[in-house]
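Working notes, structure below.
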Amino acid sequence: MAWDEWEQLKTEAAEKHSAAMQLNRVPDDPGAAPPGGDLKVGQQDLAAVGDAAFRLFDNLGRYGRDAWSISQTAAKDLTTQGFALGGGLDHVQERWEKQLKTLLDACAHISNHMDFTQNAHAGDEYHIYGVVSSIATLDDGFTERTQR
């Protein structure tokens, strides 16, 4: 398709649907929060999410691997005894291991990210406090000059 033809098609589509296009959303509420929103997260909230992710990681690692081990043993036993079900159970066990690793990685990532976020925000708070404190000191200097 030539570039000119593409531009022409875009223009025609815009002319046909310019007034009809509407995003599907809730109408604006005059008493609602400003467009920037009012989402606030405290250090305790971050710590709680990180702690929950770590507990999930720990329990999944402990009990999820137990289920994997039992399934692996059962699959070998069934296969050794000549049951076709052994191969199917082995396939399910392999999928379980892959999914378990993915979930463990996700939990570890969430836990680590919450720790990082908590530490990063603490550093930001320290920096902001230093900047604001130095501005207050600078303001005091101007105040002293105007009083002389």
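The values are calculated or read from the model by the stated rules, or taken from the named source; none is laboratory data. Just so we're clear, the structure is a prediction, and the values are computed from it rather than from any experiment. Positions of Cβ are backbone-derived with ideal geometry, glycine not excepted, and every protein chain shown enters the neighbour counts. The protein model used for the area step is the full one, side chains on, heavy atoms only, and it has no ligands, DNA or RNA in it. Shrake-Rupley method; radii C 1.70, N 1.55, O 1.52, S 1.80 Å.
Return the total of residues in the range 49-78 being among the aliphatic types (A, V, I, L, M), open to solvent by 60 Å² or more (accessible area, probe 1.4 Å) and within 23 Å of Ile110 (Cα to Cα).
Here is the first cut: in the range 49-78, the ones among the aliphatic types (A, V, I, L, M) are 49, 52-53, 56, 60, 67, 70, 74-75, 78.
Within this subset, residues satisfying the condition of being open to solvent by 60 Å² or more (accessible area, probe 1.4 Å) are 49, 56, 70.
Those still in the list that are within 23 Å of Ile110 (Cα to Cα) too: 49, 56.
Residues that pass the stated criteria total 2.
Considering every residue within the range 79-95, establish whether at least one is part of a helix (DSSP H, G or I), surrounded by fewer than 16 Cβ atoms within 10 Å (Cβ to Cβ) and under 25 Å from the mean Cα position of the chain (by Cα).
yes
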